Amino acid sequence: MTYRIGAYVMDTETARVGQVVGESASRVILRQPGTGLEWEADPRVLRLASRDEREAIGVHSNGTSVVGHLAGEDSVTVQADCEECQRLGRAEAEARSASNHSRAADYRVLARRHLRNVHGVAVAVGA
């Protein structure tokens, strides 16, 4: 089964919930919410995460999730159903994984601005 980008799935092999961020050959690339850690999984061991499993990792039933950062850094809440929110979250995570903390901070600023201007959500630094 193919999962859409942004879907939350349970990797039954590792017992972890991850968000689908892409595909690589015959594997699905997943990101662990709250940490930015990524791994690849065989699609045959994946299933959609239950509501309880999603809520246990901080994905709220109203479609928002908390995107975590390195220890001590800010978090940004993004809309799960907004392509621009997801794009900014992925770009910020990629910058962090490349240890480009300045660029990651720029993407967090852009995400907060987008949330305020498009979704009407005011996000304080450190919130």
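Residues that are farther than 17 Å from E55 by Cβ and in a strand (DSSP E or B) within region 10-37 comprise D11, V20, V21, G22, E23, S24, R27, V28, I29, L30, R31, listed in sequence order.
What do you reckon, is L70 outside the structural domain of Q19 (by TED's automatic domain parsing) and at pLDDT below 75? Judged against the criteria, L70 is a match. Restricting attention to region 27-50, the residues that are out of contact with any strand residue (DSSP E or B) (no Cβ under 9 Å at 6 or more places or on another chain) and modelled with pLDDT under 90 add up to 1.
The values are calculated or read from the model by the stated rules, or taken from the named source; none is laboratory data. Everything quoted here is computed from the prediction, not taken from an experiment. All Cβ positions, even for glycine, are placed from backbone atoms using ideal geometry, and neighbour counts span all protein chains on display.
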